[in-house]
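Single-structure report; data block below.
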Amino acid sequence: MRISLLEKREDFYKILKETLNTTCFYDAKNGDNKEYVVNKYLNFIASKELPTSVFQILINEYSSSLIWWKKIIQYIYVKLAISSLFRSFFAQQTIQLSSFFDEYLILGGNHRLRFFSKDLASTIVLLKKGERHIFLINDVEIRTKNNLFYAPKIISHGKDWLEEEYFEGTPINRLTDKTKVDFYIIKVIENHVDELLNKTYVIVKNKEYRKLILNEIKNIIGIENKKIDDKIYQTMELLFLKLENKNIKMSWSHGDFQQANILIKNNDYKVIDWESSSERFHLYDIFVLLSEIRTGVSLIEAFKFFNNKVKPFKDIDSINENDMVLLLVEELRFSVNEDFSQNFYHSGRKTNILCDSILKYINE
């Protein structure tokens, strides 16, 4: 998520400074304060002198429109905005941080911040102060225990940080070649099923699954907004009433397995941003990727896309009504995890809208 959006939902700069001052990875107190430029729309904070070579990952992400003339304009804008000469001119504001961060490119994020060193030897990921540690704990566990070749390797980690290998590829949703996109989607799903979903699955009783979900939601939302909280519980209970499965197949999952999180470089690819990792209904990751639900499509469209695209995958179970209910449960669960935080000015608004969409979908 870009800084321009982050600052609308939270006190981003306060959280940034508190994170840098309290993390056990950096000693940000060393060094005098200096001025850094902030580009809210390209999502970076950097010194005026940081080499442009460090910004390649932003060129890949923000200058890859699928429309040729927009791509040219975006490319020119990004190249100028990251250049040492015009970086301050294109910045929306400046911020005072320790000179310790002179040689780092800092990127905003939902629950974490990313730091790219000048030599691009690795990426540092810091958990934002105030965010739940589960966003880091599960990430480390899923990647260190499963040795996934298609995930950036974790080099080291601590209480509120991890260091991972650097990979600068282009998100597949930025590729213009649809044939190539489809090829990688199939390849990624097949590897994900073989290397993670099938190797980590367990069978859980319906009652245990329901208890797990409701306890997790209760621990997250607390008493944010009773009207919204009641709607979430009512929607979840209605879904469980429709669920006839006595046994639920669960596996470790990425959680946000969308095209924007799959980077391609030459013939290699990596799946990034594992912060939403958890044990879920085993088809959820496949649903997220094939349904395109993260692009803002309706639930009707999402399930239509999913049903049409999942058919060629022989190793994936056929989809039935109970599977649909479980996917809705997991989507609501994901939304609660993303949409509630003590850092946010207001929590639960997007989840409230999702509840309305789910209720409309299951009543049609």
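Quick notes on this one:
- For the chain: relative contact order, % (alpha-carbon pairs under 8 angstrom, 6 or more apart): 16
- Shape analysis of segment 171-363 places it in the prolate category; the axes a ≥ b ≥ c from the Cα gyration tensor give an a/c of at least 1.5, with a/b above b/c.
- Residues Trp161, Trp68 arranged by fewest to most Cβ contacts within 10 Å: Trp68, Trp161
- Each listed q (0.22, 0.24 Å⁻¹) maps to a log10 I(q)/I(0) for segment 271-364, found by the Debye formula over equal Cα scatterers with no solvent: -1.27, -1.45.
- Degrees between helix 349-363 axis and first principal axis of the chain (Cα, 0 to 90, nearest 10): 30
- Put a dot 7 Å past the Cα of Asp268, heading toward its Cβ, do the same for Glu18, and the two dots end up 3.8 nm apart.
- 0 to 90° range, to nearest 10: angle between helix 321-339 axis and the chain longest Cα axis: 30
- Compared with the direct C-alpha span, the chain from Ser156 to Gln342 gains 64.2 nm at full extension, assuming 0.36 nm per residue.
- For peptides 52-62, 104-114, 205-215, 150-160, sequence by mean Cβ density within 10 Å, most packed first: 104-114, 52-62, 150-160, 205-215
- With all pairs of different C-alpha atoms in the average, the Kirkwood value for the hydrodynamic radius of segment 3-131 is 15.1 Å.
- Residues with amide H under 5 Å from that of Leu283, placed H, sequence gap 5 or more: none
- Put a plus charge on the Cβ of each Lys and Arg, a minus charge on the Cβ of each Asp and Glu, and nothing anywhere else: the dipole of the chain about its Cα centre is then about 520 debye.
- Sequence-ordered 3J(HN,Hα) estimates for segment 280-293 from the Karplus curve with 6.51, -1.76 and 1.60 and θ = phi - 60° stand at 9, 3, 5, 9, 4, 4, 5, 4, 4, 6, 7, 7, 6, 5 Hz, glycine and proline given as x.
- Of Lys129/Lys159; Lys187/Lys311; Lys8/Lys40; Lys128/Lys350; Lys48/Lys265; Lys199/Lys242, pairs whose Cα-Cα distance is over 18 Å: Lys128/Lys350; Lys48/Lys265; Lys199/Lys242
- Between the amide H of Lys128 and those of Arg112, Leu113, distances stay under 5 Å, these residues lying 5 or more places away or on another chain, with hydrogens modeled in the peptide plane.
- Full-extension gain in nm, Tyr361 to Glu321, via 0.36 nm per residue minus C-alpha separation: 13.1 nm
- Rounded to 10°, Cα long-axis angle of helix 206-221 versus longest principal axis of the chain: 40
- Amide H to amide H, with H built 1.01 Å from N, Lys48 comes under 5 Å of Val37, counting only residues 5 or more places away or on other chains.
- In whole angstrom, segment 300-353 maps to an equivalent ellipsoid with semi-axes of 30, 11, 10, each derived as √(5λ) from the alpha carbon gyration tensor and ordered largest first.
Bear in mind these aren't lab numbers, they're just calculated from the coordinates by the rules spelled out. Please read all numbers here as calculations on a predicted model, not as lab measurements. Neighbour counts run over all protein chains shown; Cβ positions are idealised from the backbone, glycine included.
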